[in-house]
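For reference, the structure is listed below as structure tokens.
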Amino acid sequence: MSEPTRRLAVLGDGDPAAAIRSAADGAGARLVDRAEADAVVAVGDAALREAMRAAATDDGRSGPILPVGDGRHAVGPDLAADRIADADDWLGGSARAVDGFSRVAHPVLAVDGVGGGRRRFAAADVAFVTAAPARISEYGIAFTGGESVSVRADGAVVATPLGSDGYAAAAGGPVVSPGGGLSVVPVSPFTTRPDTWVVSGGVRVTVEREAEPVALVVDGDRRGTVEPHRAVSVEIASTVDLLSATAE
């Protein structure tokens, strides 16, 4: 590797992460904590979400993230380990494309209005779900352009392109490509012709019934209970560059 030595953080556990750390060390990269790194390798979905949420609070100072795993935006562990040897070509810098990789901007969501004013971040999705299984509530969804709808359902989910093939897709929503907007999907709606939406801006979601407690779930983790009649804002806080392998 040419000088200067680049700083790399590898997040995740298990054999694939260990192999990538070994490859990085052999290539002359300096292994550091995420906050000090020029770039991050995130092994597994949990590590990727963690890295993206953390990057959203760094005011654009974070370097690119290489997702490793079997997701549609990730590269396989073997390919990642092979290309770590060329790390000096893609660590840091602002080029949108480098040898072997392209940089693609992915949004991170900010959630406001739950938990005593604490802002929360989501890389994949934000879900509103009734605390008791198979119980229906009513949700008001207001879009940036001024349109609003009211739906009776078990819940509602707002997903980024990264998360649109997960819970949102299972609920009947579209899979969205990076830059294509956010997927907004009712969960088990009380109708035979449910609507779904792809929106370019954020949304405000309000629980319109008091009968059933509704939980806020951020990237799969429950983060409190939503107060009835209080709007919860879900908007794009920032974007984070993910590295995507290009064909050789």
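The values are calculated or read from the model by the stated rules, or taken from the named source; none is laboratory data. Everything quoted here is computed from the prediction, not taken from an experiment. Cβ: placed from backbone, ideal geometry, glycine included. Neighbour counts: every protein chain shown. For accessibility, only protein heavy atoms count, side chains too; no ligands or nucleic acids. Shrake-Rupley method; radii C 1.70, N 1.55, O 1.52, S 1.80 Å.
Key figures
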quantity: Whichever residue in the range 211-248 is within 12 Å of the chain's Cα centre (by Cα) and not in a strand (DSSP E or B) and, among such residues, is surrounded by the fewest Cβ atoms within 10 Å (Cβ to Cβ); calculated: Gly220
quantity: Residue satisfying all of: in the range 199-210; assigned to a loop (DSSP other than H, G, I, E, B) and either in contact (Cβ under 8 Å) with a residue 60 or more places away in the chain or under 18 Å from Asp125 (Cβ atoms) (or both); most open to solvent (accessible area, probe 1.4 Å) among these; calculated: Ser200
quantity: Conditions (1) open to solvent by 40 Å² or more (accessible area, probe 1.4 Å); (2) among the aliphatic types (A, V, I, L, M); (3) over 27 Å from Arg118 (Cα atoms): number failed by Ala171; calculated: (1)
quantity: Flag if Arg21 is open to solvent by 30 Å² or more (accessible area, probe 1.4 Å) and modelled with pLDDT of 75 or more; calculated: yes
quantity: Long-range neighbours under 9 Å by Cβ, at least six apart or interchain, first residue assigned to a helix (DSSP H, G or I) within the range 1-25, second open to solvent by 80 Å² or more (accessible area, probe 1.4 Å) and at pLDDT below 85; calculated: Ala23/Asp82
quantity: Hits in the range 34-56 (condition: modelled with pLDDT of 90 or more and open to solvent by 50 Å² or more (accessible area, probe 1.4 Å)); calculated: Asp45, Ala46, Arg49, Glu50, Arg53
quantity: Candidates Gly76, Gly12 - the one that is within 28 Å of Val217 (Cα to Cα) and modelled with pLDDT of 85 or more; calculated: Gly12
quantity: Pick from the range 103-139, criterion of a type in the set (Val, Ile, Thr) and within 20 Å of the chain's Cα centre (by Cα), ranking: farthest from His229 (Cα to Cα); calculated: Val104
quantity: Single residue of the range 117-143 satisfying the filter (charged (D, E, K, R) and under 19 Å from Arg209 (Cβ atoms)) that is least open to solvent (accessible area, probe 1.4 Å); calculated: Glu138
quantity: Among (1) of a type outside the set (Gly, Ala, Ser); (2) surrounded by fewer than 17 Cβ atoms within 10 Å (Cβ to Cβ); (3) modelled with pLDDT of 95 or more - the single one Thr191 does not satisfy; calculated: (3)
quantity: Strands (runs of 3 or more DSSP E) (entirely within the range 113-198) containing at least 3 residues that are free of Cβ contacts under 8 Å to residues at least 60 places away in the same chain; calculated: 148-153, 155-159, 182-187
quantity: Identity of the residue in the range 147-167, within 26 Å of Asp70 (Cα to Cα) and among the hydroxyl-bearing types (Ser, Thr, Tyr), that ends up most open to solvent (accessible area, probe 1.4 Å); calculated: Tyr167
